[in-house]
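Worksheet: one structure, shown below.
Rule-based calculations on the coordinates, nothing more; no lab input. Being a predicted model, the structure only gives us computed values, none of them experimental. Don't worry about glycine lacking a Cβ; one is built from the backbone with ideal geometry, like all the others, and counts go over all protein chains shown.
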Amino acid sequence: MENLRIPGPTPCPDEALQAMTKQMINHRGPEFAKILNDVTDKLKQLFQTKGDVFLLTGSGTGGLEAAIVNTLSPGDKVLSVSIGVFGERFGAIAAEFGAEVTPLSFEWGKAADAEAIRQALRAEPKIKAVLVTHNETSTGVTNDLAAISPVVKEYDKLLLVDAISSLGSINLPVDDWHCDVTVTGSQKGWMVPPGLAMVSLSQEAWQAHSKAKMPRFYWDFTKAKSYLEKGQNPWTPAISVVYALSVTLEMMLKEGLTNIIARHARVAEAARDGIKSLGLPLFAEESHASNTVTSVAASDGLDTKKMLRILREEHQVVLGGGQQRLDGKIFRIGHLGWVTEDDIKAVMSALKVALPQSGFRSAS
Ligand SMILES: Cc1ncc(COP(=O)(O)O)c(C=O)c1O
């Protein structure tokens, strides 16, 4: 079997795959209602929220679009904090739907600075919402949301969070950190295939929703809520992915959120240590290095494309490349969801062989 170590989609445990072979059921019947209610309750525990949580059929980007169109109106001012590809995407969605976006971008590889966010909010009192990526998958950096959130709330703004590659893997107490809309995706730490976005909403998000005028139909949270009250989704859901999620959520609660978070921290540390011992530099600033994806700077002649090919063809290890302007400049090791230190050991053993074959000239 391939050692798939990209930051999503992630490998799925056999039990999740098995669950997906189950026959279809009526998505408007009692059996599905039971599963949906159970999955929603479990998600609330892992989101650490008492607010509403919805399962949307779509990928994570759909969840980001839902966060925007359900809380904002065309012309609303938005502060878009970006530290990489996905931060830029979040701002681009808001702009596409007519928000007036003020970008606040930080050097890729570094985290956002809460003080700079404070200054931006002070400079433009009309800003209504702040968009933040909790874990920037493209650079392997985790923003300090615990520090950013109080600043956003000091100025009484909506906090919309892309937690697609962090929730369920890195600590994110949604209620304690006053996140108004929080978005994640099934193919990340949740150990199931792509197909679902999961979103949570605070009371403030509902208040904003009641006034939000951006066009929406498929993603409308009012429809999501009224159907969930009947144990349904407004539209035909990705039933097989829901089957799988019901199994992996059970596994996650059995392991316990604290243990899951600790396991991700341990595995990430093993990845960072392994990379350093191979003589490679980490790309992300270490104080904010992500516990779900490790980014590695290509240096000393390393041809990342060749290396990724050798790893895939000769070692059945699949890592991620760099995205956009980081193409060829970094590679990324995904370690979220169904992952242990042994998976990382296997990656390091393969890298040890593939690096010198890919032009890497290091003394170590
Ligand atoms: C932080 C982050 N935001 C957004 C996305 C986009 O999610 P999707 O590809 O599921 O639409 C991803 C996917 O890699 C991500 O990691």
(request) Based solely on C-alpha atoms, express the radius of gyration and the Dmax of segment 40-197 in angstrom. (result) 14.3, 43
(request) State whether segment 1-62 is rounded, prolate or oblate according to the following rule on the C-alpha gyration tensor (a ≥ b ≥ c being the square roots of its eigenvalues): a/c under 1.5 gives rounded; otherwise a/b larger than b/c gives prolate, and the remaining case gives oblate. (result) oblate
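Counting alpha carbon pairs within less than 8 Å and at least 6 residues apart, what relative contact order, in whole percent, applies to segment 193-348? Intermediate values should be presented prior to the final figure.
Values: 133 pairs, mean separation 28.9, N = 156.
Reported as a whole number, the value is 19 percent.
Return the Rg/Rh ratio of segment 251-331 with Cα-based radii and a Kirkwood Rh.
1.04
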(message) Under 8 Å for C-alpha pairs, at least 6 residues apart: give me the relative contact order for segment 264-363, rounded to a whole percent.
(response) 34
(message) Loop only by DSSP, 13 or fewer other Cβ within 10 Å of the Cβ. Give me the GluC sites (Glu not before Pro) in segment 1-99 that pass, ordered by residue number.
(response) Glu2
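Starting from the alpha-carbon convex hull of segment 158-276, give the projected area averaged over all orientations, in nm². List each step's numbers first, then the result.
Numbers: hull surface 36.9 nm².
Spelled out: convex hull of the Cα atoms, projected over all directions, averaged, 9.2 nm².
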(message) Calculate the FRET efficiency for Gln45 and Glu314 from the Cβ-Cβ distance with a Förster distance of 51 Å, rounded to the nearest 0.05.
(response) 0.75
(message) So if I take the centroid of the Cα atoms in segment 299-364 and the same for segment 100-151, what is the distance between those two points in Å?
(response) 30
(request) Please list the non-local residues whose amide H lies under 5 Å from the amide H of Ile170, H modeled 1.01 Å from N, same-chain partners needing a gap of 5 or more. (result) none
(message) If you average the C-alpha positions of segment 211-239 and of segment 28-56 separately, how far apart do those two centres end up, in angstrom?
(response) 14
(request) Can you give me the three principal axis dimensions of the chain from its C-alpha atoms, in Å, biggest first? (result) 61, 55, 32
(request) Run the numbers on the chain and let me know its relative contact order in percent, using alpha-carbon pairs under 8 Å that are six or more apart. (result) 25
(message) For the chain, take the longest principal axis of its alpha carbons; what is the angle in degrees between that and the long axis of helix 85-96, to the nearest 10 within 0 to 90?
(response) 30
(message) Given 20 °C and 1.002 mPa s, compute D for segment 212-364 with the Stokes-Einstein relation, Rh being the Kirkwood radius over Cα pairs; round to the nearest whole µm²/s.
(response) 117
(request) May I ask you to compute the full-extension gain from Lys305 to Ser226, defined as 0.36 nm times their residue separation minus their alpha-carbon distance, rounded to one decimal in nm? (result) 23.6 nm
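What is the packing order of peptides 120-128, 78-86, 234-242, 34-42, taking the mean over residues of other C-beta atoms within 10 Å and listing the highest first?
Numbers: 120-128: 14.3, 78-86: 24.0, 234-242: 18.4, 34-42: 16.0.
Descending mean neighbour count gives 78-86, 234-242, 34-42, 120-128.
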(message) Principal axis extents for segment 219-281, Cα atoms only, whole Å, descending order, please.
(response) 55, 27, 21
